[in-house]
């Protein structure tokens, strides 16, 4: 029996090649799209879930009066080790600046350097390829390298026991670990021991309970209640530094963050890496689901439309004794087999598309990830459900008819079948229009953020990341003059940060208002040319004057957001106040400028002159020959810092990286929306082809009776176009609400305009016209003699 079903199924596929190709290809493209999208979604949701007992690992963070901080006092770890038996292990970790790493004559630049306690290696799944995990990060001036960094430095040879120089300090390599997986928020190239950090950084504030903040992770013992433990430690900082906090009107409460939630559900200050966006993940999951639904509905629609053509076969089977259950098994088996072929093809398509998708998503997925991820089981369920439903409906309709009527030539018709297909087509186009409008909204917001004035001029600016401790208040003029000595550099300025990069955020208050008016303010250390070179407008007071040539300069400049935050009535009032930030009076108020992406509001910002931390040199280049200017910069840098690798970027391009998540969403959204529309069009094309074939004799008779080609085209397309029009009416409010809701997360945003909705409607209507119109014109132009010569 099964063999007979399979033979019949393959015969039907071969006999109706066009229908089979359309049905299988549409479902395969939908499944392949969903496999790739869900691979990305699964990867984002799987962050830090590969660690053993990850559900017992937490980061201890701090909630202060005005901000959340991804860390806590360094003393917390020592306290937990000594006083909390609920804690199995604890480690601290701290980022270090990118640095030049040297072995002999070989020098490389390592971006991700961290300091950590040894428990990191046992708490997080970091198996050592070389070295002893129990002692690798215990002694001072020891370091563990990733496999990639070790290969760069030692060419695949043994690394343990070797000495490396990071900037000016020597470290013994005590371990090599596998490269950090992509689905962790703690990525690194080199980890040095916390004892090394203690030797290098001996600032007094580190050992205070309300001072420095360091990321601290704990693994609780099995059976420990997270909420009870969190309540126990919440007031630790206030218990040890309560008086100091009260004097400043500050507060500090500890709380636990599950390690698996950090990537998508945490956006605190001083995160180890920029967090993901859970909204974008679910948006893409929804896109994948809608594409799959469009493909599945197509599959079912085409199957139900063709059911009537098999009425004679069903009648004959019933005459020779086939039962209703056998007919159900046959039809459902055929459709499940067809869907299974589509799944096999989808897996091949996904594998072929994987390199392009990796580039699009900025990922490193492999084919085995498709096979081991949750996408494939979901697709298998789709095969069973879609195939089963696609076979169930025709089987129920056809098996209900009397074989005598069918074998006499009566066509099996189901009144509900036509309405069912209309609903499916309408549902497909509702989803298609929402996808098109959503894609247009994403691109519109990206364009808005990239073209809006930033309040400073980012053009023609090359930024050099200065070597650690290479530039300070005593030599910065010499360095600047050397670069300005060539005509390619039209201007230069030093600063501790630049727009788009991390900057200091300090607790700041006006003198005399410490307990009542304390706020977190972003601060840049700059030289006197910063405002002029960046084109930042001063709306009250004055910029730093010519007397500000040394390492220090009295006075600070704040932005409009800071004026509003401190509750001052006007920029002019701010000029009469003095801020606790190196005891500086406010000498100027700058117009708000975007030092971070337009996803966030402009926060309080201040500038002051102090030559202690000049990390960046911004050069304004001659626009006539940028390539030549870059070569000159390389030569000048090599002469000044011969042992330090050059790290530089263009400011406008670097600032634009803040929109990388939105750009990635837009590209993925746009490409898969196009695929979804293609699948819908493919199904509509197949449906129109079959419909025209069924009405061949009717069209022939109408032409004989004088009907024009135009009237016949209208007859064949009218119903579909009315369905699409109804879908537009339903989809536009949904698209508007969904787009507006997505835009709410942006502090500066565009809106879902009528142009977006009309363009989405026009695109859907055009797809319908092209899909149905071709078949309609072809049928209308057919010679009626061919369809009537046997009548």
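Here 466, 199, 141, 419 are placed in order of increasing Cβ neighbour count within 10 Å, fewest first, which gives 419, 199, 141, 466. In the chain, the longest principal axis of the Cα atoms and the axis of helix 415-451 are about 20 degrees apart. Short to long, the 10 Å bins of the Cα pair-distance histogram for the chain hold 2, 11, 16, 19, 17, 12, 9, 7, 4, 1, 0 percent of all pairs.
Across segment 56-265, the mean sequence separation of Cα contacts (distance under 8 Å, 6 or more residues apart), normalised by length, yields a relative contact order of 33 percent. Per-residue Cβ neighbour counts within 10 Å put 282, 568 in the sequence 282, 568, beginning with the fewest. Compute the acute angle (0 to 90°) between the alpha-carbon long axis of helix 626-640 and the principal axis of greatest extent of the alpha-carbon atoms of the chain; round to the nearest 10°. The angle comes out near 40 degrees.
Rg and Dmax of segment 56-265, based on Cα coordinates, read 18.0, 57 Å. Derived from the Cα gyration tensor, the three semi-axes of the equivalent ellipsoid of segment 176-239 are 26, 23, 10 Å, largest first.
Which value, to two decimals, describes the C-alpha radius of gyration of segment 58-146 once divided by 2.2 N^0.38 Å? That ratio works out to 1.31. A Cα-only calculation for segment 698-775 places Rg and Dmax at 18.6, 65 Å. Sorted ascending by nearby beta carbons within 10 Å, beginning with the fewest, 565, 279, 192, 618 become 279, 565, 618, 192. FRET efficiency for the pair residue 201 and residue 730, taken as 1/(1 + (r/R0)^6) with r the Cβ-Cβ distance and R0 = 51 Å, rounds to 0.25. Taking 0.36 nm per residue of sequence separation and removing the Cα-Cα distance, the residue 165/residue 344 pair yields an extension gain of 59.2 nm. Normalised by 2.2 N^0.38 Å, with N the number of residues, the alpha-carbon radius of gyration of segment 97-159 equals 1.15. Axis angle, to the nearest 10 degrees, between helix 17-45 and the longest C-alpha principal axis of the chain: 20 degrees. Calculated translational diffusion coefficient of segment 471-640 (10 °C, 1.306 mPa s; Stokes-Einstein with Kirkwood radius over alpha-carbon pairs) equals 94 µm²/s.
Here, each number is a calculation from the coordinates, and none is a lab measurement. Nothing here was measured: the structure is a model prediction, and the numbers come from that model. Don't worry about glycine lacking a Cβ; one is built from the backbone with ideal geometry, like all the others, and counts go over all protein chains shown.
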